[in-house]
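Scroll down for the structure; my scribbles are underneath it.
Nothing in this text is a laboratory measurement; each read-out follows from the coordinates by a stated rule. None of the values given here were measured: they were computed from a predicted structure. Methodologically, a virtual Cβ is constructed for each residue, glycine included, from the backbone with ideal geometry; neighbour enumeration extends over all protein chains shown.
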Amino acid sequence: MVVVDSETATVLRVKGLLEFRCQLDSTDEQLVRNVISRTFETLRSQVKSESCVLAVSDSPVIIWPNKDAYATPEEITPSTLCEDMHQWIQADEQESSGKKSSKKKSKKSSVASVINLRLMTEVTKPGPLSAPILTKTVLKSHFVSVTLPLDCVVCTGRSDTIKDACEQLIEALTHQLCEMEKVTLQNMKGMTLLVPEPVHFLLPEPKGLVTVVYPVGVPDSQLVAQRKELHQQFELPDDRPYFRRANAYHFPNEPYKDGYLRNPHLALTHPTLDNGKVYLVQGIYSYHHYMQDRVDDNGWGCAYRSLQTICSWFQQQGYVELPVPTHKEIQQALVDVGDKQASFVGSRQWIGSIEVQAVLSHLLGLTSKILFVSQGAELASKGRELANHFLTEGTPVMIGGGVLAHTILGVAWSETTGQIRYLILDPHYTGAEDLQVITDKGWCGWKGPDFWDQTAYYNLCLPQRPKVI
């Protein structure tokens, strides 16, 4: 979600493709650079021209931002408030009949809604028709044609009108084309150009959404210098990634393609303890549980699923680029490090916290701390250790005891009274990816100290963040 302050009502996101075309008749580097810069200037002029059109997605609304924000339907004027455009956007279940939507955005919401717009160009002009003229010229030259994927975001206030928003959007599009020009010139290799690509990142408050242009095809490992500059520019700590591609902000209207639920705990209400504080996992993870991926691991795969959830966290925070390991890959890793015999691969044998630590080290190069308690009753006294972990590391914790494994996503803990609640993500769930069922039935929920087997011993695997950007 896009979390905003009380002054922000609506986030406008405009996407579109612009064709970058130029003819390079010289091999002189400076002349080539001049041609590229002139072509970008032409595109900036195109965005600022009266032929530039913004079409609001899932609605009949079309706006000409450089014609004093003229719009259709005629009920929409330049002085119309941006947030009032929501009533023209069709809800999913409605047909595109051109009628106003009865579903309006709640003005009391602390979450900004997103209005999507398409950048278009008006190719016809009013006036008499003229006969086409065809000419043919034979030349030998180097012609460059690249499609530029523009993607701009602006935050509008509650009092901002459509005219205000148009000015912000045109300024943002123009600025993005300038950034694309810089990236293109910086990454030129002879006559070969790399496509510049905008990526959005949601930074810690109060910085909010930031857009960075990266060259397509250049891996994150070769963009360390750029990321260091960005960390300095936005005064961010230099011990964790914020600007890797995996950190890209996921807009709420874009479903994840892999089918896994993300951060189901956000749907829960925090418990209230006397003088208590809540300490939670930081960032995004996927919920992995029994019976996913066409693997029937019911009764033996809970620790594997908890490990997969942890791996998904490191992947989605940008620490690793490897996909989440399968059961067989986890088993093979334990064979490779000498922990298991070759026959272990393909078996239905359990693993525990120590094995999770070994796999994280072998496959992802991560270190983990192991916290041992001789009986479940002792877990109630581990509030300080767990609170400190979520405050400093913020990674999901795997806990194994008896024949069960779970994932701890946070604690609510009172330093004065010692009261504690655990935020548990249960890998034993076998149903569909239904958030309401998962939260209502407690598969992701807050549990008291009596949740643990009071007499069983437990090992907790606490993964540590690498200090990288």
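Here the extension length gained between ASP28 and GLN46 equals 3.7 nm, from 0.36 nm per residue of separation less the Cα-Cα distance. Split the chain at each of the trypsin sites (Lys or Arg not before Pro) in a DSSP loop with at most 13 other beta carbon atoms within 10 Å, and the longest piece is 1-98. Loop-located GluC sites (Glu not before Pro) in the range 7-81 (DSSP state not H, G, I, E or B) with no more than 16 neighbouring Cβ atoms inside 10 Å: GLU7, GLU50, GLU74, GLU75. Taking the C-alpha atoms only, the angle from helix 302-316 to the longest principal axis of the chain is near 30 degrees.
Remark on GLU197: its backbone amide H falls under 5 Å from those of TYR214, VAL216, a criterion applied only to residues 5 or more positions apart or on other chains, H modelled at 1.01 Å from N. Proximity of backbone amide H atoms, modeled 1.01 Å from N, is registered between TYR457 and GLY402 at under 5 Å, excluding neighbours fewer than 5 places apart on the same chain. A simple spin-label model places the labels of GLU74 and GLN222 5.6 nm from each other, with each point 7 Å out along Cα-to-Cβ. Axis of helix 162-186 versus longest Cα principal axis of the chain: the two differ by about 80°, to the nearest ten degrees.
Against the longest alpha carbon principal axis of the chain, how many degrees, from 0 to 90 and to the nearest 10, is the axis of helix 383-392 turned? It works out to around 20 degrees. Shape annotation for the chain: C-alpha extents along the principal axes are 89, 55, 42 Å, from largest to smallest. Whole-Hz Karplus values for the range 405-417 come out as 10, 9, 10, 9, 9, x, 9, 10, 9, 10, 5, 7, 9 Hz, taken residue by residue from phi with 6.51 cos²θ - 1.76 cosθ + 1.60 and θ = phi - 60°; glycine and proline positions read x. For the Cα trace of the range 101-228, dividing Rg by the Kirkwood Rh returns an Rg/Rh value of 1.08. For GLY157, the residues whose amide H sits under 5 Å from its own are ALA9, ignoring neighbours fewer than 5 places away on the same chain, with H placed 1.01 Å from N. What the pair-distance distribution of the range 262-461 shows, using all Cα-Cα distances binned every 10 Å from zero, is 9, 36, 38, 14, 2, 0 percent. Under the definition of Cα pairs under 8 Å and six or more residues apart, what whole-number percent is the relative contact order of the chain? After rounding, I find 15 percent. Using C-alpha pairs under 8 Å with a sequence gap of at least 6, the mean separation divided by the residue count of the range 262-461 gives a relative contact order of 31 percent.
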